[in-house]
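This report refers to the structure that appears directly beneath it.
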Amino acid sequence: MAPYRVLIAYGSSSESTQGIAEEIAAALREDGFDTELRPAAEIVSVGPYDAVVLGGELRGGRWHREARRFARRHAAQLRSRAVWFFSNGPGSADASASGGADAPPVRGAIRAMDRAGARGHLTIGGRTGRLPRVPFTRSTAPGDFSADHREVSRVRDWAHHIANEVSDS
């Protein structure tokens, strides 16, 4: 049997959200999935994929426009697939400070999740309080990230959780 095909799409104007998407793709590849990583604006159809992970940058409490458009444009196809969303950026709560609990998605992401029938959501980044926000970007060395290692671990654990759910369905 051919491996499951998973699309990881993202809407962002920064490298940080792309870095998270790259880490999700790498973790899913480790689990034997065939993954494709692309900006949400470039996707014409989700037809060839068994599952979709859609990420969006947060700016001013709003989910990235291209992520919202992607969810709206492909809603019918997304409802017939396994779908997960993630959010990244300023305005998201520090999930690490709350004992690892995930911050809730913003209103635009919630509407998109409802439209797409998403199974779950993860919020990354946007530390509050005294801890400085560390950008989640890939450095020039493969596998070397400038992000907080706890955040990288949360992303990878979440991606492995997705792999388990897709494999079990």
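What number of residues within the stretch 37-56 are among the basic types (Lys, Arg) and either in a loop (DSSP other than H, G, I, E, B) or open to solvent by less than 40 Å² (accessible area, probe 1.4 Å) (or both)? So the count comes out to 0.
Here the stretch 1-36 is the region considered, the condition is being aliphatic (A, V, I, L, M) and open to solvent by 50 Å² or more (accessible area, probe 1.4 Å), and the residue that is nearest to residue 75 (Cα to Cα) is 2. Flag not set for residue 104, criterion: surrounded by fewer than 19 Cβ atoms within 10 Å (Cβ to Cβ) and modelled with pLDDT under 85. Pairs meeting the criteria (first residue in the stretch 72-83 and closer than 16 Å to residue 51 by Cβ, second residue among the charged types (D, E, K, R), beta carbons under 6 Å, at least 6 apart or on different chains) are 75/115. Might you check whether a residue that is at pLDDT 90 or above, out of contact with any Phe, Trp or Tyr (no Cβ under 7 Å at 6 or more places or on another chain) and not hydroxyl-bearing (Ser, Thr, Tyr) occurs anywhere in the stretch 116-136? Yes, that holds for at least one residue.
The values are calculated or read from the model by the stated rules, or taken from the named source; none is laboratory data. Only a predicted model underlies this, so the values are computations on that prediction, with no experimental measurement involved. Don't worry about glycine lacking a Cβ; one is built from the backbone with ideal geometry, like all the others, and counts go over all protein chains shown. Heavy atoms of the whole protein, side chains included, go into the accessibility calculation; ligands, DNA and RNA do not. Shrake-Rupley method; radii C 1.70, N 1.55, O 1.52, S 1.80 Å.
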